[in-house]
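Reviewing the structure listed below.
No lab work stands behind these numbers, since they all come straight from the coordinates. What you see is a predicted model, and the numbers here were worked out from it, not measured in a lab. Note that each Cβ is placed from the backbone with ideal geometry, even for glycine, and that neighbours are counted across all protein chains shown.
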Amino acid sequence: MRYFVTLPSGRELPVDVTHLPGGGIQAALEGRTLDVDALGSGSSTHLLMEGRGVELWLEGTGPQVGAVANGRRFYAQVESERSRDALGASKGQGQGGGLLKTPMPGRVLKVLVQEGETIRAGQPLVVVEAMKMENELGAERDGVVKAIFVSPGATVEGGAKLLEVE
């Protein structure tokens with residue numbers, strides 16, 4: 001089954017997950033294949049990946065998921081290919097043709113650019129606080145900021161449009 005994981009930066013990773021006969025999982029992403037064994041269920045799981053142990057705690061419900069892995073907190077939006085198809089979405093639509101969206105509910109702390117500003121791929125654009133962490137959301141590509149839809153202090157839902165780049 002294919003999943004799409006959208007990171008706080010807005011970068012989307014396709015991940016192919018295969019359940020193996022022995023109960024393990026094989027995950028393929030970015031040209032690498034990882035063998036994973038999971039012990040536990042619910043919000044706390046111990047993963048054994050390529051011989052390395054990872055303690056994982058999950059928070060929230062899909063598609064927005066918060067996680068703590070080996071003491072490091074992060075969040076991501078996780079969608080299965082099936083759920084995307086059911087919603088009529090297609091691969092590559094995660095950032096919707098130049099729209100920067102927040103992957104999780106939170107509060108806008110800073111808008112680091114202005115309308116009309118030329119930006120570079122990877123440049124931080126907006127800082128959003130989610131799950132008690134500050135997350136810089138960056139540009140997927142070079143362009144010009146066409147519109148800004150939020151201001152500092154605004155509360156945003158997961159998937160909310162923050163700004164548009166052309």
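About its Cα centre, how strong a charge dipole does the chain have in debye, to the nearest 20, once Lys and Arg get +1 and Asp and Glu get -1 at the Cβ?
Numbers: 17 positive and 21 negative charges, 30 e Å.
Using Cβ point charges on Lys, Arg, Asp and Glu, the chain gives about 140 debye.
Could you tell me the relative contact order of the range 2-86? Use alpha-carbon pairs under 8 Å, at least six residues apart, and round to a whole percent.
Numbers: 160 pairs, mean separation 19.7, N = 85.
This gives 23 percent for the range 2-86.
Using 7 Å Cα-to-Cβ label points, what is the S43/E166 separation (nm, one decimal)?
4.6
Identify, among H19, T6, L47, the residue whose Cα sits farthest towards the positive end of the charge dipole of the range 2-86, taking +1 on the Cβ of Lys and Arg and -1 on the Cβ of Asp and Glu, with the dipole about the Cα centre.
Final value for the positive-end residue is T6.
Going by C-beta contacts inside 10 Å, put T102, T45 in order with the fewest on the left. Numbers along the way, then the final one.
Values: T102 26, T45 16.
By the 10 Å Cβ count, ascending: T45, T102.
Let me confirm the definition first: pairs of Lys residues in the chain, 8 or more apart or on different chains, C-alpha distance under 18 Å. How many are there?
Lysine pairs, 8 or more places apart or on different chains, close enough: 8.
Quote the charge dipole size of the range 2-86 about the Cα centre in Debye, to the nearest 20; the model charges only the Cβ of Lys and Arg (+1) and of Asp and Glu (-1). Write out the running numbers ahead of the final one.
Values: 8 positive and 11 negative charges, 37 e Å.
It works out to roughly 180 debye.
Note the full-extension length gain between V36 and V15 as 0.36 nm times their separation in residues minus their Cα-Cα distance, in nm to one decimal. Walk me through the numbers on the way to the answer.
Details: separation 21, 0.36 × 21 = 7.56 nm, distance 1.33 nm.
Length gained between V36 and V15: 6.2 nm.
Measure of size requested: the Rg and Dmax of the chain, with Cα atoms as the atom set and Å as the unit; please supply both.
In order Rg, Dmax, the Cα atoms of the chain give 17.1, 55 Å.
Would you kindly derive the ³J(HN,Hα) couplings of the range 68-80 from the backbone phi angles with the Karplus curve 6.51 cos²θ - 1.76 cosθ + 1.60 (θ = phi - 60°), listing them in order in whole Hz, with x for Gly and Pro?
These are the phi-based 3J(HN,Hα) values: 10, 10, 6, x, 9, 8, 7, 9, 7, 9, 10, 10, 7 Hz.
Determine the relative contact order of the chain: mean sequence separation of Cα pairs under 8 Å and six or more apart, normalised by residue count, in whole percent. Don't skip to the end; give the middle numbers.
On the way: 375 pairs, mean separation 31.7, N = 166.
About 19 percent, as a whole number.
Would you tally the net charge around D35, using a Cβ to Cβ cut-off of less than 15 Å, leaving D35 out, and scoring K and R as +1, D and E as -1?
Working: positive: R32, R52; negative: D16, D37, E50.
Here the charged neighbours net out to -1.
Apply 1/(1 + (r/R0)^6) to the Cβ-Cβ distance of E115 and R141, taking R0 = 25 Å, and write down the FRET efficiency to the nearest 0.05. Before the final figure, lay out each step's value.
Working: r = 17 Å, r/R0 = 0.70.
E(calc), rounded to 0.05, equals 0.90.
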